[in-house]
1. Which numbered condition trips up Gly101, out of (1) open to solvent by 60 Å² or more (accessible area, probe 1.4 Å); (2) outside any loop (DSSP other than H, G, I, E, B); (3) within 30 Å of Ala40 (Cβ to Cβ); (4) not hydroxyl-bearing (Ser, Thr, Tyr)?
2. Looking at Val225, is it modelled with pLDDT of 90 or more and not charged (D, E, K, R)?
3. Within segment 178-202, can you find the residues that are outside any helix (DSSP H, G or I) and either modelled with pLDDT under 90 or of a type outside the set (A, V, I, L, M) (or both)?
4. If Ala72 meets every condition in (1) in contact with a Leu (Cβ under 8 Å, 6 or more places away or on another chain); (2) among the aliphatic types (A, V, I, L, M); (3) modelled with pLDDT of 95 or more apart from one, which number is that one?
5. I'm checking my understanding of the structure. Among residues of segment 172-190 that are on the phi < 0 side of the Ramachandran plot, open to solvent by less than 40 Å² (accessible area, probe 1.4 Å) and not hydrophobic (A, V, I, L, M, F, W, C), which one is nearest to the chain's Cα centre (by Cα)?
6. Scan segment 42-59 residue by residue and report those that are out of contact with any Cys (no Cβ under 8 Å at 6 or more places or on another chain), under 15 Å from Thr224 (Cα atoms) and among the hydrophobic types (A, V, I, L, M, F, W, C).
7. I want to confirm something. Restricting to segment 19-37 and keeping residues that are over 13 Å from the mean Cα position of the chain (by Cα) and part of a helix (DSSP H, G or I), which single residue is nearest to Val258 (Cα to Cα)?
8. In segment 42-69, what count of residues is obtained for those that are in contact with a Phe, Trp or Tyr (Cβ under 7 Å, 6 or more places away or on another chain), part of a helix (DSSP H, G or I), open to solvent by 10 Å² or more (accessible area, probe 1.4 Å) and not basic (Lys, Arg)?
Amino acid sequence: MTIKELHTPSRRFLRSTQLERDFSDPGALEGYIITPEIEACVIRLANGLAPTSGQRAWRITGDYGSGKSSFALLFANLIARNNADLPKHLRYLQREYLPNGGRQKLLPILVTGSREPISLVLLRALSESLDDNVDGRRGLEVRSQIHSALRSPTKLSDSRVIDLVDSAAKELFAEGLFRGLFIVLDELGKFLEFAAMNPERQDIFFLQRLGERSSRSGDACLFTVSLLHQGFGAYADKLSEAGQREWEKVAGRFEELVFMQPLGQTATLVAAALELKEAPVIRGWKTRAQNEMS
């Protein structure tokens, strides 16, 4: 028997998650495995959705390939889709842990990091999400304002972008369309690298303002989650000591969730990914337990 005869890797494990692409794919979460650690992360983030919560700005830190993007995709689906549209094995997460059983939806704004100003990329993503999810016949004032602002990107200030994001959450809530916005900044490290090398084009304090506005958003929810491979300080190592301290202050505006699966749960995920048909038996080799028994 050859190794390839023992397993048939699941298709969902053969490529990495890309948020913008996979959110529109109904099958992207089929076979997603809920471990106790994943469930605990869902509960912790879901607590931030409570009307009185101030924990609405998060940074999820974990090694490359640990599943951060897939988790963000899961949470985006939980807060943006109807229960019947979720895979059956995931529906209980929405019913049991989200406020009002997930009936109050947030509009997802999904952003993957690039070496560009984060403020501009975020505003573009907000514009695209509004156009895709809100009927153009709805006369949203903020949509016109965003389109106008994007026509002159070089004149766009960070404070203006923050105000437009906040206004979008409030108008969507006031119109009864969505409870607010759910912003995911995947691969935030690329944005941080750009900000470190081009401080004249992107001020890192944009993130501090976004975190503060999210934490104080109230009924018109502004919920921000950023995904990183390492801490903020790793991207500021070439800055002065004063500059590095300022970056740490910015990081402190975001609640940290360390994304790390315990070894036992990782083994479960690996077995599920490989879809092992049976335990391999190697001639002349015994487990430690078998040796002890003999």
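1. Just one mismatch for Gly101, condition (1).
2. Working: modelled with pLDDT of 90 or more: yes; not charged (D, E, K, R): yes.
Yes: the conditions hold for Val225.
3. Quick first cut of segment 178-202, residues outside any helix (DSSP H, G or I) only: 178-187, 198-202.
Selection gives Phe178, Arg179, Gly180, Phe182, Asp186, Glu187, Asn198, Pro199, Glu200, Arg201, Gln202.
4. (3)
5. Ranking the qualifying residues of segment 172-190, first place goes to Asp186.
6. Within segment 42-59, Val42, Leu45, Ala46, Ala50, Ala57, Trp58 meet the criteria.
7. Glu37
8. Of the residues in segment 42-69, 1 are in contact with a Phe, Trp or Tyr (Cβ under 7 Å, 6 or more places away or on another chain), part of a helix (DSSP H, G or I), open to solvent by 10 Å² or more (accessible area, probe 1.4 Å) and not basic (Lys, Arg).
The values are calculated or read from the model by the stated rules, or taken from the named source; none is laboratory data. None of these values were measured; they are calculated from a predicted model. Note that each Cβ is placed from the backbone with ideal geometry, even for glycine, and that neighbours are counted across all protein chains shown. With ligands, DNA and RNA removed, areas are computed over all heavy atoms of the protein, side chains included. Shrake-Rupley method; radii C 1.70, N 1.55, O 1.52, S 1.80 Å.
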